[in-house]
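The values are calculated or read from the model by the stated rules, or taken from the named source; none is laboratory data. Not measured: the values here are computed from a predicted model. Note that each Cβ is placed from the backbone with ideal geometry, even for glycine, and that neighbours are counted across all protein chains shown.
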């Protein structure tokens, strides 16, 4: 049989090459590969049916996926107290807080040693793993206050067998919790997340000598800037060396909507800050108290972690 002529599209830059035309008349694949290797590759890609390719799509690690909330989620989970006529609630009228703030596991609750409480050996050292160096950025929070958001990795708080990633911290004056009837000058909350679970690591402070790390938080908040802290800074200057006891209990957010189901870890060894530092924190938080009144335990017990 006579061979049927075939019309083959040849790349423009190859049309003046006799060798290429000869190869095309014999076999397209050989011709294109012989003279225009690049065009051959493109032609092969266009003519050859693609075979299924198994691609592995990179995904975040399970731990990071479940514990990293959005900025909105972090703000909602740790709302700061608003103030002013435009706000729906205030500390000046706690009685008007929503019905969700009248549950059976509300915070803060008074922390008292009782015979029915559970005790186990341990300390903040066994619960807190701070980053070697943590970085924080000041941002406006609800109600005109200021929070410090973690930039990157700041450490974990391990409670109920789960590592909760520390994501932000903020101040309250005076302290929200009391220990055996004693209320302190200020309270620092480090808020950590593990999926839908929240744990709050709390440190209590009294007026004494100047605290250099507390000063860094004040400068960052006043300038709406950033700060950093070493692991040693966090343990020594926020948590009094971290080899200290703590009270662990089930509670809630201390501002509306007062969501329950949180795990609180409150240190019992009191940290220090100067009178001037206390005044500066208070001023940055609006110049008024931002501590919710104590809530009844309603049958809740406390798990005391006792340092040696």
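Summary table
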quantity	calculated
Residue within the stretch 113-120 that is assigned by TED's automatic domain parsing to the domain that holds residue 283, part of a loop (DSSP other than H, G, I, E, B) and crowded, with 21+ Cβ neighbours inside 10 Å present	no
Residue identified as in contact (Cβ under 8 Å) with a residue 12 or more places away in the chain, surrounded by 14 or more Cβ atoms within 10 Å (Cβ to Cβ) and on the phi < 0 side of the Ramachandran plot among 307, 242	307
Residue count, the stretch 269-290 (criterion: at pLDDT below 95 and farther than 27 Å from residue 94 by Cβ)	1
Any hit, the stretch 149-157, residues being within 27 Å of residue 299 (Cα to Cα), in the same structural domain as residue 231 (by TED's automatic domain parsing) and either assigned to a strand (DSSP E or B) or in contact with a strand residue (DSSP E or B) (Cβ under 8 Å, 6 or more places away or on another chain) (or both)	yes
Hits in the stretch 203-228 - residues which are surrounded by 15 or more Cβ atoms within 10 Å (Cβ to Cβ) and assigned to a helix (DSSP H, G or I)	213, 214, 215, 216, 217, 218, 220, 221
Selected residue (only one of 139, 191 is under 19 Å from the mean Cα position of the chain (by Cα) and crowded, with 22+ Cβ neighbours inside 10 Å)	191
Counted residues, the stretch 165-180 - those being assigned to a strand (DSSP E or B) and over 23 Å from the mean Cα position of the chain (by Cα)	2
Some residue of the stretch 203-221 being in contact (Cβ under 8 Å) with a residue 12 or more places away in the chain and on the phi > 0 side of the Ramachandran plot	no
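Okay, residues lined up against (1) in a loop (DSSP other than H, G, I, E, B); (2) free of Cβ contacts under 8 Å to residues at least 12 places away in the same chain; (3) in the same structural domain as residue 194 (by TED's automatic domain parsing):
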residue: 232; (1), (2), (3): no, yes, yes
residue: 250; (1), (2), (3): no, no, yes
residue: 255; (1), (2), (3): yes, no, yes
residue: 258; (1), (2), (3): yes, no, yes
residue: 288; (1), (2), (3): yes, no, yes
residue: 291; (1), (2), (3): yes, no, yes
residue: 296; (1), (2), (3): yes, no, yes
